[in-house]
Amino acid sequence: MLKGKRVVLGVCGGIAAYKTPHLVRLLKKAEAEVRVALTEAGGRFVSELSLATVSGEPVLRSMFPATNTPGVDFTGHISLGEWADALVVAPATANTMAKLAAGLCDDMLTACFITLRPNRPVLIFPAMDGQMFLSASVQRNVATLAAHGCHVFTPESGELASGLCGLGRMAEPEEIATELERTLDSISNDSPLSGLRIVVTAGPTRERIDGVRFISNYSSGKMGFAIARAAAERGATVTLISGPVHLGTPPGVERIDVESASEMNETAERVFSETNIFIGAAAVADYRPAEPVDGKVKKGASQMEIRLVQNPDILGGFGAQKSPGQLAIGFALEEADGIEHAHAKLEAKNLDLIAFNTFNGTDSGFEVDTNILTLIIRGGETVTLTKLTKEKAAGELLNAVERLVVAKEMQP
Ligand code: CTP
């Protein structure tokens with residue numbers, strides 16, 4: 001899988017940098033092309049000469065070329081990101097992760113990150129003292145990078161340079177090479193989804209009561225965003241219709257922000273006819289206040305009533321009008337014993353696949369980073385998945401969708 005792949009290895013200033021010449025050798029052995037972007041601090045821990053020798057390429061450091069060198073590439077800070085099929089940052093320090101999260105760009109590594117083409121994976125392997133890694137600021141940057149679609153790996157536990165034992169070690173070079181291979185494998189262009197138009201709804205909706213209040217739910221949008229990202233990585237043309245969430249747009253995805261179920265429905269209906277696969281991952285409010293008030297409702301009587309009217313069923317609408325060449329995929333959030341309801345929803349909304357999940361607040365459902373899905377496929381198998389990160393669950397869901405696409409012989 002790594003054969004012929006163009007990999008930029010970003011090396012930052014941590015003691016684990018001494019392992020990076022070995023990592024370069026592993027990647028080269030797998031027949032990848034490797035260029036190393038070494039930060040100023042990284043150069044204090046590992047020699048430029050070692051990395052240049054094993055990679056067979058000059059090591060890239062400053063964005064500013066020596067202007068008096070013949071044949072100098074004055075736009076090298078852009079071309080590296082255009083060249084790369086993948087960026088691996090190992091070891092990643094707190095400092096460089098902060099720069100990447102903030103969009104700062106002052107060396108070849110940060111420039112490569114910013115100019116990387118859409119859908120090119122970024123794998124970040126932090127290595128630092130465990131307390132540093134767990135600090136609020138580093139965790140915030142980790143979350144930001146993950147929301148931007150980077151794969152950020154939690155450091156391993158073991159002996160640290162400080163003499164302490166605990167969280168903070170960089171993953172071993174063999175493991176980094178395997179993770180890179182796995183990631184590139186999962187986004188290979190051979191996916192049957194490549195070229196198909198996929199629409200994903202995500203997040204909650206807000207239903208206005210008055211100018212300052214609304215009815216909503218706890219959906220974070222993480223599951224829908226993970227699906228949109230994974231679908232784009234597999235070469236699909238993805239439109240993500242999102243309710244109000246705090247997530248970055250996945251690379252290569254067209255995002256349309258909406259607020260209410262009615263707005264989400266109008267936006268979705270506009271693209272129904274040109275959609276190959278519609279995936280309803282949004283937690284759409286089933287009802288909205290019948291008469292939202294323009295200003296602010298004042299406190300008055302000890303009780304008040306808000307009359308609610310039903311919202312349009314967006315996924316159901318797609319299911320009702322879809323042609324045999326289109327797929328409708330939905331979610332059913334139910335009580336733990338609610339699998340029969342999920343089967344009923346598959347029928348009622350004319351879906352091809354429904355992902356049944358429950359909500360226990362710790363490892364499945366809204367706001368958490370993991371999900372436990374059971375994939376019910378029309379007229380076919382039921383796939384019971386274990387507890388997975390939402391990214392991995394999205395990958396499994398799309399694997400099942402790919403099987404449906406192949407069975408229906410769907411073409412872009
Ligand atoms: N959905 C939708 N539009 C709605 C309600 C739900 O598109 N107005 C989609 C969701 O994105 C999800 C699926 O339908 O993929 C199931 O949603 P759910 O709320 O569980 O189904 P309901 O039909 O609303 O049933 P209930 O709330 O009674 O469980």
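Coordinate-derived values only; no laboratory data. Just so it is clear, the structure is predicted and the values come from calculations on it, not from any experiment. Please note: Cβ atoms are built from the backbone with ideal geometry, for glycine as well, and neighbour counts cover all protein chains shown.
Some points to look at:
- FRET efficiency estimate (nearest 0.05) - Cβ-Cβ, residue 378 to residue 274, R0 30 angstrom: 0.85
- Over segment 46-205: Kirkwood hydrodynamic radius from C-alpha pairwise inverse distances, Å: 17.8 Å
- Straight-distance candidates among the aspartates and glutamates for linking to residue 99, with alpha-carbon spacing under 17 Å and chain neighbours fewer than 8 residues away dropped: 40, 107.
- Qualifying trypsin sites (Lys or Arg not before Pro) in segment 1-56, DSSP loop, other Cβ atoms within 10 Å at most 12: 3
- Nearest-ten-degree value, helix 339-348 long axis tilted from longest Cα axis of the chain: 70 degrees
- With the highest mean first, a sort of the peptides 87-96, 341-350, 294-303 on other beta-carbon atoms found within 10 angstrom per residue produces 87-96, 341-350, 294-303.
- Note on residue 343 and residue 310: the extension gain reaches 9.7 nm, defined as 0.36 nm multiplied by sequence separation minus the Cα-Cα distance.
- Each listed q (0.20 Å⁻¹) maps to a log10 I(q)/I(0) for segment 280-338, found by the Debye formula over equal Cα scatterers with no solvent: -0.91.
- Cut-off 16 Å (backbone N to label point 7 Å along Cα→Cβ of residue 408), residues of segment 289-328: 315-328
- Loop-located chymotrypsin sites (Phe, Trp or Tyr not before Pro) in segment 146-226 (DSSP state not H, G, I, E or B) with no more than 15 neighbouring Cβ atoms inside 10 Å: 218.
- Cα coordinate range in segment 153-263, projected on the principal axes (Å, largest first): 59, 39, 15
- A simple spin-label model places pseudo-atoms 7 Å from Cα toward Cβ; at residue 25 and residue 41 they are separated by 2.7 nm.
- Cα-based reach from residue 345 at 17 Å (exclusive), listing lysines while leaving out same-chain residues under 8 positions away: 322
- Leading residue at positive end of dipole, the chain (Cβ point charges), from 200, 309, 371: 200
- When the C-alpha to C-alpha distance is required to be over 32 Å, the pairs from 5/349; 5/390; 29/392; 19/392 that qualify are 5/349.
- Here the extension length gained between residue 117 and residue 139 equals 5.4 nm, from 0.36 nm per residue of separation less the Cα-Cα distance.
- Residue list for segment 350-367, given a label point 7 angstrom along the Cα-to-Cβ vector of residue 334 and an amide N cut-off under 20 Å: 350-366
- Neighbourhood charge, 12 Å Cβ-Cβ cut-off, centred on residue 349 and excluding it, Lys, Arg +1 and Asp, Glu -1: 0
- Diffusion of the chain by Stokes-Einstein, at 10 °C in a medium of 1.306 mPa s and with Rh set to the Kirkwood radius over alpha-carbon pairs, works out to 68 µm²/s.
- Spin-label pair residue 53/residue 159, simplified geometry with 7 Å Cα→Cβ offset, distance in nm: 2.6 nm
- Separation of segment 40-72 and segment 352-412, taken as the distance between their Cα centroids, equals 45 angstrom.
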